[in-house]
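The values are calculated or read from the model by the stated rules, or taken from the named source; none is laboratory data. As the structure is a computational prediction, the values presented were derived from the model and not from experiment. Heads up, the Cβs are rebuilt from the backbone with ideal geometry, glycines too, and the neighbour counts pull from every protein chain shown. Note: areas computed on protein heavy atoms with side chains; ligands, DNA, RNA excluded. Shrake-Rupley method; radii C 1.70, N 1.55, O 1.52, S 1.80 Å.
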Amino acid sequence: MLRLKAAEYAAVREHGEETYPEECCGVLLGRSLEGVNRVEEVVRAGNTRTDSAHNRYHIAPQELVRIQRQARGLGFDIVGFYHSHPDHPAQWSETDFAEAHWMGCSYIITSVEKGKAETTNSFLLAGTSEEDKAFANEVVEVKATEEVEIR
């Protein structure tokens, strides 16, 4: 399960609308406890794809290292990633799967139709290695309050 506050959920969707017709991307910071990825902060990242940013994304390794250090400084881990699919369903593609490597992380995809965020889905990257990894549909729980219980 993926649990996040309404403000973080809205931020992910708004980012997709702002970058339309190109894909947005970012990182989810928080903690993974008892099978739940709990998001405490959403960090926007730049899409460094120059060849096909309308249907692909890439986060520069230097930026990802900076975000990971930011997470550690806050006492969080990277618990997931997000990106948008402009004028395409909120389902993972073969490319999304091939480029997903963070086992146990949530991968949020928001479809943005004609500039408006429509559907947001999340997929947990399960498995222990590249050979047995698989995306599993993940329940997304959006908390209405600003408080997310952390144990």
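Laid out as a table, the results:
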{"read-out": "Order of exposure, largest accessible area first, which applies to Thr19, Thr119, Thr50 with probe 1.4 Å", "value": "Thr50, Thr119, Thr19"}
{"read-out": "Relative contact order (percent, whole number), the chain, Cα cutoff 8 Å, 6+ residue spacing", "value": "28 percent"}
{"read-out": "Selected from Ile59, Ile78, Ile109 as most flexible by GNM, with the chain as the system and alpha-carbon contacts under 10 Å", "value": "Ile59"}
{"read-out": "Positive-end residue of Tyr82, Gln70, Thr110, charge dipole of the range 38-114 with Cβ unit charges", "value": "Gln70"}
{"read-out": "Helix-derived mean residue ellipticity, 222 nm - over the chain, DSSP H n ≥ 4, -39500 (n - 2.57), to 500", "value": "-6500 deg cm²/dmol"}
{"read-out": "18 Å cut-off, amide nitrogen to a point 7 angstrom out along Glu34 Cα→Cβ, residues in the range 1-17", "value": "1-5"}
{"read-out": "Inter-part distance where the range 77-143 and the range 13-53 are each reduced to a Cα centre, Å", "value": "10 Å"}
{"read-out": "Pairs of Lys in the chain closer than 27 Å at Cα, counting only those 8 or more apart or on different chains", "value": "4"}
{"read-out": "Accessible area per residue, Å², the chain with all protein chains present, probe 1.4 Å", "value": "51 Å²"}
{"read-out": "Heavy-atom accessible surface of the range 24-151: percent carbon and sulfur, 1.4 Å", "value": "50 percent"}
{"read-out": "DSSP-defined antiparallel bridges as percent of all bridges, the chain, nearest 5", "value": "70 percent"}
{"read-out": "Rounded D (µm²/s) - the range 70-151, Kirkwood Rh over Cα pairs, Stokes-Einstein at 10 °C, 1.306 mPa s", "value": "112 µm²/s"}
